[in-house]
1. Has the range 392-403 got at least one residue that is in a loop (DSSP other than H, G, I, E, B), at pLDDT 95 or above and surrounded by fewer than 23 Cβ atoms within 10 Å (Cβ to Cβ)?
2. With under 22 Å from the mean Cα position of the chain (by Cα), over 18 Å from residue 370 (Cα atoms) and part of a helix (DSSP H, G or I) as the only criterion, which of 470, 491, 495 stands out?
3. Quickly run through the range 498-529 and pick out the residues that are over 14 Å from the mean Cα position of the chain (by Cα), in a loop (DSSP other than H, G, I, E, B) and surrounded by fewer than 24 Cβ atoms within 10 Å (Cβ to Cβ).
4. Would you check if residue 506 is in contact with a strand residue (DSSP E or B) (Cβ under 8 Å, 6 or more places away or on another chain), at pLDDT below 95 and over 28 Å from residue 560 (Cα atoms)?
5. Kindly check whether there is at least one residue in the range 354-368 that is part of a strand (DSSP E or B), surrounded by 24 or more Cβ atoms within 10 Å (Cβ to Cβ), in the same structural domain as residue 525 (by TED's automatic domain parsing) and modelled with pLDDT under 95.
6. Only residues that are within 14 Å of residue 665 (Cβ to Cβ) and within 19 Å of the chain's Cα centre (by Cα): list them for the range 695-716, please.
7. Out of 532, 540, 511, I need the residue that is in contact with a helix residue (DSSP H, G or I) (Cβ under 9 Å, 6 or more places away or on another chain) and in contact (Cβ under 8 Å) with a residue 24 or more places away in the chain. Which one?
8. Could you please give the count of residues in the range 263-299 that are farther than 22 Å from residue 243 by Cβ and surrounded by fewer than 20 Cβ atoms within 10 Å (Cβ to Cβ)?
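The values are calculated or read from the model by the stated rules, or taken from the named source; none is laboratory data. Bear in mind that the values here come from a model prediction, so they are computed numbers and not experimental data. Positions of Cβ are generated from backbone atoms using ideal geometry, with glycine treated the same way; all protein chains shown enter the neighbour counts.
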């Protein structure tokens, strides 16, 4: 048997071993494409006629080998993660979107390109022609925007050498290195093949296929995006330092005499935990400013009761001893948003704002973003509409509002499957157009939301964080909410993404794999989409006869002034359906009159905080009072907030007797403090973190608390 026949047999056997689909489907799918090219030999007859036209056989074998190396390794894990989307893949096939077009588009293009190169032996002068996709622009907004083509067209790519092809074969992966024929086998075939391949590669002209191929020394725009998903290439490791985080200063202990009120905005973002988890799992150092303790705590759900009264969320307070400092107490404040039945969810007007620029050219960016959107698509119905705005150098309306009925779902899915990455990043222009579409098709009483998916690497147009924040803050007045999905491990602009959601009536998630996409858009979908209260503020008043000093753990960039609590113009966080929000105060019990103002002053003798001359303590058994302020989702900036409060009496309960939720949330808090190298961690250790986490695991149906324990073990 000829060498090329052995290669084809090996590939077919590998295909059969990796999946439960018949080889005939694999062959037929390729035959349909091979038959499109005049003079190309049918794959099924290659084995019978390999002695003739050996050059074509070698070309086919080489192309298949290159395709298989990338396809099997990338597709094996991706098919597992995409099991939730099986029904959509079936719909897509009915709409004439083949399996290889959805998950192996780049490999198909590679095989066809190789075959065309061989065809040039008998068809010299024939040039490859590829379709160019054009943006769709809504007529009503076209007049307001200067028409400019999207950086999306598929164009022939420059030739690269066989050496580069084989190097990319082995760097392409989705979550792990591919299980496929050896690189030596691929090199042997490539060496025998006389023609070169037109392989998609990075371009400097702003146009890219978005194929996710890359190497350690080649990258379209220096973002490290070509390194593959789940592992960092040399370039990506270097560029990890390019990720941007806002500087955080931990809250310090304060006296109830000098600072009786502690005020902050709620925060339901979870991006910090997912990002930290990703860095720990990949063996990277965790920048301390990437650790926002409140987002780590609020990544997990807690068993707080549903609100029973007139307010849209319940307030739950629990106190116990502090595990890392036996002389202190911990006060846990938990809010629980009311659940809304999915079938009773109001109609949704969603605008997907997708970053398709060159910095998204990596499997953990644009492809993962698209796959996450497909999960959300499953939860929508015929009353919901979806628009898609994309930006890459310029912005454009890729899909006008489309209702998610049976036909509309196919149209949306088809559009998502055909995006490519390339070009610079004009995020500001995209945000403007997305809000324009959301406001134009606003659903009164419904869900109106812009969903931005990006790495935040805006490099043209409006690029400054302050300018972008001001833009989003202005647009938020329209009643359109925002969700931001952060992607990527090379140049994540976490600083900007967090700030625009804080000011844009939104929430911020970081998605590092498809399981996280499922959590955001399937498990937590109602909270992500349906807001039940906005501008939610918490203010704690401490009793100076019961509390010497206190400090809020986390929420360092969510602090407000005391007077902001009743200022209706001050923006604050949102709570979605079913959301839980948790915060801890570490309290030093006792009378504030005996509390040192500072420790060990060298040049001052008076070391206690004096009681203000115009104040007298009120005799009360309460340790503190929790005050809440919020607005209804449809309220304007000028609408007055609703206020209510609850009082808390001190107790002597130890943390060992506290609830499972208390123990687990305390373990996450301590973990965050250790990661931030906080001076307030006391006697806390990672062993104590695990002890608390194990004691507080409780009912863990999704395995998230178990995963956290494993994460702590890895840090140890």
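1. Checked against the condition, which is being in a loop (DSSP other than H, G, I, E, B), at pLDDT 95 or above and surrounded by fewer than 23 Cβ atoms within 10 Å (Cβ to Cβ), the range 392-403 yields no hits at all.
2. From the options 470, 491, 495, the qualifying one is 495.
3. None - no residue of the range 498-529 is over 14 Å from the mean Cα position of the chain (by Cα), in a loop (DSSP other than H, G, I, E, B) and surrounded by fewer than 24 Cβ atoms within 10 Å (Cβ to Cβ), so the list stays empty.
4. No, not satisfied.
5. Within the range 354-368, one or more residues are part of a strand (DSSP E or B), surrounded by 24 or more Cβ atoms within 10 Å (Cβ to Cβ), in the same structural domain as residue 525 (by TED's automatic domain parsing) and modelled with pLDDT under 95.
6. Once the filter is applied, which keeps residues that are within 14 Å of residue 665 (Cβ to Cβ) and within 19 Å of the chain's Cα centre (by Cα), the range 695-716 yields 704, 708.
7. 511
8. Looking only at that region, the number is 0.
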